[in-house]
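Novice: Handing you this structure, nothing more for now.
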Amino acid sequence: MNMQLSKNYIPAATEEKWSEHWLSKRYFNSKPDGRPAYSVVIPPPNVTGVLHMGHTLNETVQDILVRKARMSGFNACWVPGSDHASIATEAKVVGMLKERGIDKNQLSRPEFMKYAYEWKDKYGGIIYQQIRRLGCSVDWDRVAFTMDADYYTAVIDIFIDLYNKGLIYRGARMINWDPQAKTALSDEEVEYKDEQGKLYYVDYALTDATGKSLGRSITIATQRPETIMGDTAICVNPNDERYKGLAGAFAVVPLVNRRVPIIFDEYVDPAFGTGALKVTPAHDINDYNLGLKHSLPIVDTLNDDGTLSPAAEVFVGMDRFAARKAVIQQLKEEGLIQKEEVHMTRLGFSQRTHAVVEPRISTQWFVKMKELAEPALKAVTEGHIRIHPGDKFMATYKYWLENVKDWCISRQLWWGQQIPAWYAPDGSFQVAATREQAYALFSAAGKPAFTETELRQDEDVLDTWFSSWLWPIEVFKGITNPGNADIRYYYPTSVLVTGQDIIFFWVARMIMAGLYYFPDSLPMEQRIPFRDVYFTGMVRDNQGRKMSKSLGNSPDLLALIDKYGADAVRFGIMIASPAGNDLLFDEAALEQGRNFNNKLWNVLKLLKMWESNGLSMDNAPAEHFAVRWFDYRLTQTRIDIDKLFSEFRLSEALKTLYSLIWDDFCSWYLEWVKPGFGQPISKDIYDRTIRFFEDLMQLLHPFTPFITEELYHLLSDRTDDLCVKLFAPINTNLVQDAEIRTTEILKELIPKIREFRTKLGKKREETTTIYTENPELFSSAVCDPMLAIASATISKASLADLDKGTGRPVNLEMVLIGTNKFYLDPGKLDEAHSGAMKSQLTAELARLNEFLNKLNKQLQNERFVQNAKPEVIDNERKKKADTELKIKAIEESLGKMP
């Protein structure tokens with residue numbers, strides 16, 4: 001094959017070419033057949049913008065697993081899709097309407113939905129373009145969206161079913177309220193942060209039951225003075241001696257002059273603040289519970305947008321935080337604030353809008369979670385579903401399910417699945433998919449006193465997570481078309497790859513939905529939605545900060561692909577991504593990926609140069625030592641990589657493969673088999689080298705699909721494609737014979753020899769002699785060509801023989817490779833080099849002794865030994881043993897020096 005190869009690898013044209021080719025061949029489209037299925041559903045990104053680096057990591061991990069499975073003989077099916085993201089998307093659409101001079105409140109619901117779909121079509125397309133550019137081998141025939149007609153129907157059907165079985169109910173509860181989005185939130189959608197605030201000590205005048213002043217006041221400490229107008233009691237501990245005389249007394253709420261009772265409850269902590277608590281049932285969950293217990297009225301002083309309501313009586317219409325300042329100012333003017341104190345407080349923020357969340361009593365729809373949670377907990381604790389890394393996330397999963405609360409699923413929005421509840425004029429309701437069905441239910445209960453057209457559907461929509469918990473089932477139409485061929489073949493899916501931050505929102509709930517939807521008569525292994533869950537870490541910038549648009553530290557994925565190429569982006573994010581741990585994103589890793597691709601490109605150019613120089617038909621040795629050694633290393637690495645894949649340690653798998661290619665193949669193997677300058681290479685060795693490189697590209701393909709496919713086709717004319725080429729079976733009966741062991745040892749020894757020679761300023765023509773205690777282990781057939789590149793030779797005489805005869809040479813430097821000792825002969829040294837050598841060994845000895853002292857302190861620390869994992873302790877002990885051997889070796893060398 002004659003070709004002109006560019007100086008460096010140019011990814012852009014290659015990526016577009018192979019992407020189009022793979023799609024035209026429909027390699028990634030899956031239908032049930034006789035092969036074992038390997039199915040994965042993409043965690044649907046929101047249609048609110050573009051993929052961030054967390055998505056990039058997640059999608060890359062999934063593609064690596066899917067491509068590996070496809071090349072291992074599985075019928076791989078990767079389902080793409082997106083989520084409608086009710087809160088975030090509605091906020092974006094409302095913003096877009098404002099820019100066009102349109103107020104949402106002036107639109108009908110159908111009119112608003114037209115604009116929402118316009119947004120979805122625009123930004124959903126961008127997301128899919130990014131997924132394609134990244135090289136994701138998804139089945140584009142199966143694209144799903146949580147607002148698709150079938151999916152919408154599935155969500156409504158599940159709601160109705162759960163309601164009819166008593167697992168969904170409607171009621172007034174204290175919930176989390178987002179004043180910016182003007183909607184309820186579930187507990188899991190609130191993020192808490194510790195922030196510095198203030199405690200304000202406010203005086204409340206005291207009266208008796210008739211309203212007569214008692215001539216004194218009671219002081220309360222509050223962080224939220226803007227809620228004072230909603231106070232309906234003052235509560236103290238019955239055991240607090242300071243307040244025992246206040247039984248039957250009343251306090252006057254400042255600013256609004258409302259008399260409220262003094263109540264007694266052990267809930268109050270006498271040590272906090274003044275030991276007196278203002279009770280505001282409408283604005284605090286604990287106050288709400290106290291209110292229920294003591295039958296207190298509820299005064300809601302906030303509107304749904306966070307402004308003060310008419311019930312507040314003062315500062316009506318003012319934003320809550322502006323009202324706080326105004327309240328404080330007026331209280332100061334009236335002399336009612338005694339003092340202020342700095343106080344750390346824990347604030348809840350909306351995950352979507354980042355607004356400070358308000359506790360609020362509201363009538364909402366809820367799912368009873370306890371009944372659903374118990375089997376979901378059992379599925380994981382009994383090992384039916386495996387979590388990776390389990391030691392890190394199992395406890396988190398268990399804690400949430402063991403302490404689960406009912407799930408608020410209604411949202412005061414238009415974008416989403418509208419709740420299928422239909423209200424009569426008197427406020428009664430029926431749950432049904434259509435108005436006609438609802439009216440039929442009313443009629444069945446008795447002749448209704450209203451017409452069908454008078455029924456009004458609930459304005460609210462369902463929480464986005466209430467649709468996405470059905471994702472692994474309904475992408476295969478398992479709810480709208482039960483028992484179809486796809487759901488029987490692809491479900492349960494093989495693995496879920498997702499972020500640790502949605503373990504509650506999504507992972508646990510999908511497990512609940514799967515176990516609820518599929519009947520108990522089936523074994524659990526057929527009801528669970530996936531067999532493995534792999535949690536990726538969070539992508540942070542190189543300062544450790546979470547990537548976000550507000551910080552401006554989240555790079556544009558398409559810009560990175562344009563700059564480095566998709567393979568380099570995939571390589572860079574995976575090489576820095578240990579399983580389950582956060583990773584610090586740095587473009588240097590992408591640069592490393594680009595350099596690696598150029599290294600592979602240069603290997604291709606080298607092989608083509610050898611081919612153009614002609615191939616020798618002379619009979620080469622049946623088994624060149626380098627060929628035998630690399631064949632062993634390749635097989636060994638394949639075994640290691642398969643094990644790492646089974647443990648979802650993909651970053652370690654990539655590092656292992658990277659080392660095999662960069663170090664073993666490029667730095668050693670190619671060096672050992674290259675022909676002399678201008679000479680042809682043996683055809684046998686050339687053919688074996690080509691096959692090795694092809695095998696390496698096949699192993700690397702799941703990680704960097706574009707360049708590997710390109711190199712595979714440039715190596716020789718092909719009729720097949722690498723992305724669907726099946727891996728050959730692995731020969732697991734590895735035998736590391738003496739020649740291979742020697743090659744491994746000398747591969748580590750040669751860099752030490754080079755370092756030794758550089759230190760002494762040796763010229764290339766000067767040979768360094770190496771003595772060993774076991775010279776018979778080192779065959780000259782292996783050693784001579786290996787050591788020739790380092791201008792060194794193994795002495796036929798052992799060190800023991802030298803000691804018996806004329807004695808060993810002076811100034812020998814001992815090198816330890818495993819348990820094998822080698823002694824490097826510096827030859828005749830002048831005084832300067834001899835002193836420098838002694839000085840370097842002395843410095844190294846001091847460093848090793850210091851390191852050994854640290855290891856000893858660590859291993860003598862009882863707390864460390866008791867708490868560390870056994871493998872960590874074993875590793876520290878191995879370090880100690882290796883360090884002690886090195887110290888002994890240096891001491892021996894120094895002892896022989898004059």
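Novice: Ile473: net charge of surrounding residues, Cβ under 11 Å, Lys/Arg +1, Asp/Glu -1, itself excluded?
Specialist: Numbers: positive: Lys477, Arg527; negative: Glu474, Asp486.
Around Ile473, the surrounding residues sum to 0.
Novice: Going by how many other Cβ atoms sit within 10 Å of their own, how do Lys114, Lys725 line up, fewest first?
Specialist: Values: Lys114 10, Lys725 17.
Ascending number of Cβ neighbours within 10 Å: Lys114, Lys725.
Novice: While we're on this one: So, in Å, what gap is there between the alpha-carbon centers of the range 721-755 and the range 88-154?
Specialist: The distance from the Cα centre of the range 721-755 to that of the range 88-154 comes to 52 Å.
Novice: Net charge near Ala205, counting Lys/Arg +1 and Asp/Glu -1 over other residues with Cβ under 10 Å of its Cβ?
Specialist: Working: positive: Arg216, Arg259; negative: Asp203.
For residues surrounding Ala205, the net value is +1.
Novice: How large is ³J(HN,Hα), in whole Hz, for each residue of the range 199-206 in order, when computed from phi with the Karplus curve 6.51 cos²θ - 1.76 cosθ + 1.60 and θ = phi - 60°, using x for Gly and Pro?
Specialist: Each residue of the range 199-206 in turn: 9, 10, 9, 10, 8, 10, 5, 10 Hz.
Novice: For a label point 7 angstrom out from the Cα of Lys447 toward its Cβ, which stretches of the range 416-438 have the backbone nitrogen within less than 11 Å?
Specialist: Output list for this probe position: empty.
Novice: Follow-up. What are the ³J(HN,Hα) couplings of the range 876-882, residue after residue, when phi is run through the Karplus curve with 6.51, -1.76, 1.60 and θ = phi - 60°? Round to Hz, x for glycine and proline.
Specialist: Values, residue by residue: 5, 5, 5, 4, 5, 4, 5 Hz.
Novice: Set Lys and Arg Cβ to +1 and Asp and Glu Cβ to -1, take the dipole of the range 183-359 about its Cα centre, and tell me which of Met344, Thr301, Thr207 lies farthest positive.
Specialist: Farthest along the dipole direction, towards plus: Thr207.
Novice: Mind giving me the FRET efficiency for Lys165 and Leu5? R0 is 60 Å, r the Cβ-Cβ distance, nearest 0.05 is fine. Before the final figure, lay out each step's value.
Specialist: On the way: r = 66 Å, r/R0 = 1.11.
So the FRET efficiency works out to roughly 0.35.
Novice: In addition: Using Cβ contacts closer than 10 Å as the measure, can you line up His84, His388, His21 from fewest to most? Walk me through the numbers before you get to the answer.
Specialist: Details: His84 28, His388 18, His21 14.
Listing His84, His388, His21 from fewest to most nearby Cβ atoms yields His21, His388, His84.
Novice: Could you give the dipole magnitude of the range 589-735 about its Cα centre, charging the beta-carbon of Lys and Arg +1 and that of Asp and Glu -1, in debye to the nearest 20? It would help to have the intermediate numbers written out before the result.
Specialist: Details: 16 positive and 21 negative charges, 39 e Å.
Dipole magnitude for the range 589-735 comes out near 180 debye.
Novice: According to the square roots a ≥ b ≥ c of the eigenvalues of the Cα gyration tensor, what is the shape class of the range 561-663, taking rounded for a/c under 1.5, prolate for a/b larger than b/c otherwise, and oblate for the remainder? If you can, show how the numbers build up before the last one.
Specialist: Values: a/c = 4.08, a/b = 1.54, b/c = 2.65.
Oblate, since a/c reaches 1.5 and b/c is not below a/b.
Novice: OK, next. What 222 nm value per residue comes from the helices of the chain, counting each DSSP H run with n ≥ 4 as -39,500 (n - 2.57) and dividing by all residues, nearest 500 deg cm²/dmol? Mind showing how you got there, number by number?
Specialist: Working: 29 runs with 384 residues, N = 898.
Here the helix-only value at 222 nm equals -13500 deg cm²/dmol.
Novice: Between Thr219 and Arg545, what FRET efficiency follows from the Cβ-Cβ distance if R0 is 41 Å, with the result rounded to 0.05? Intermediate results must be reported in sequence, preceding the final value.
Specialist: Numbers: r = 42 Å, r/R0 = 1.02.
Calculated transfer efficiency: 0.50.
Novice: In debye, nearest 20: dipole of the chain around its Cα centre with unit charges on the Cβ of K, R (+) and D, E (-)?
Specialist: That gives a dipole near 940 debye.
Novice: A follow-up question, please. Here is the link list: Lys182/Lys447; Lys762/Lys888; Lys378/Lys643; Lys599/Lys747; Lys31/Lys378. Which ones come out longer than 30 Å on Cα distance? Mind showing how you got there, number by number?
Specialist: Working: Lys182/Lys447 37 Å; Lys762/Lys888 26 Å; Lys378/Lys643 27 Å; Lys599/Lys747 21 Å; Lys31/Lys378 32 Å.
Result: Lys182/Lys447; Lys31/Lys378 exceed 30 Å.
Novice: To the nearest 20 debye, what is the magnitude of the charge dipole of the range 183-359 about its Cα centre, counting +1 on the Cβ of each Lys and Arg and -1 on the Cβ of each Asp and Glu?
Specialist: Details: 18 positive and 27 negative charges, 132 e Å.
In total the dipole reaches around 640 debye.
Novice: Sorting Val79, Val260 on the 10 Å Cβ count, fewest up front, what's the list? Walk me through the numbers on the way to the answer.
Specialist: Values: Val79 23, Val260 19.
In order of increasing Cβ crowding within 10 Å: Val260, Val79.
Novice: What is the diffusion coefficient of the range 589-735 in µm²/s, taking the Kirkwood radius over Cα pairs and the Stokes-Einstein relation at 4 °C with a viscosity of 1.567 mPa s? Don't skip to the answer; put the middle values down first.
Specialist: On the way: Rh = 16.2 Å.
Taking Rh from Cα pairs, D becomes 80 µm²/s.
Novice: Using alpha carbon centroids, what distance separates the range 314-378 and the range 156-174, in Å?
Specialist: 27
Novice: Under 13 Å from the Cβ of Phe264, count the other residues' Cβ atoms, weight Lys and Arg +1, Asp and Glu -1, and hand me the total.
Specialist: Values: positive: Arg242, Lys244, Lys293; negative: Asp240, Glu241, Asp265, Glu266.
Once positives and negatives cancel, what remains is -1.
Novice: Answer with a single label: of [x] 176; [y] 254; [z] 245, which was calculated as volume of the Cα convex hull per residue in Å³ from the structure in view?
Specialist: [z]
Novice: Going down the list Lys244/Lys339; Lys7/Lys674; Lys546/Lys655; Lys7/Lys605; Lys854/Lys886; Lys17/Lys122, which pairs span over 19 Å between their C-alpha atoms? Mind showing how you got there, number by number?
Specialist: On the way: Lys244/Lys339 24 Å; Lys7/Lys674 21 Å; Lys546/Lys655 25 Å; Lys7/Lys605 9 Å; Lys854/Lys886 16 Å; Lys17/Lys122 25 Å.
Flagged as over cut-off: Lys244/Lys339; Lys7/Lys674; Lys546/Lys655; Lys17/Lys122.
Novice: What is the distance, in nm, between label points placed 7 Å from the Cα along the Cα-to-Cβ direction at Asp157 and at Lys763?
Specialist: So the two model labels end up 8.7 nm from each other.
Novice: Share of antiparallel DSSP beta bridges in the chain, in percent to the nearest 5? Provide the component values of the computation, followed by the final result.
Specialist: Working: 67 of 94 bridges.
About 70 percent, rounded to the nearest 5.
Throughout, read-outs are computed from the coordinates displayed, never taken from laboratory work. Please read all numbers here as calculations on a predicted model, not as lab measurements. Note that we place each Cβ from the backbone using ideal geometry, even for glycine, and neighbour counts take in every protein chain shown.
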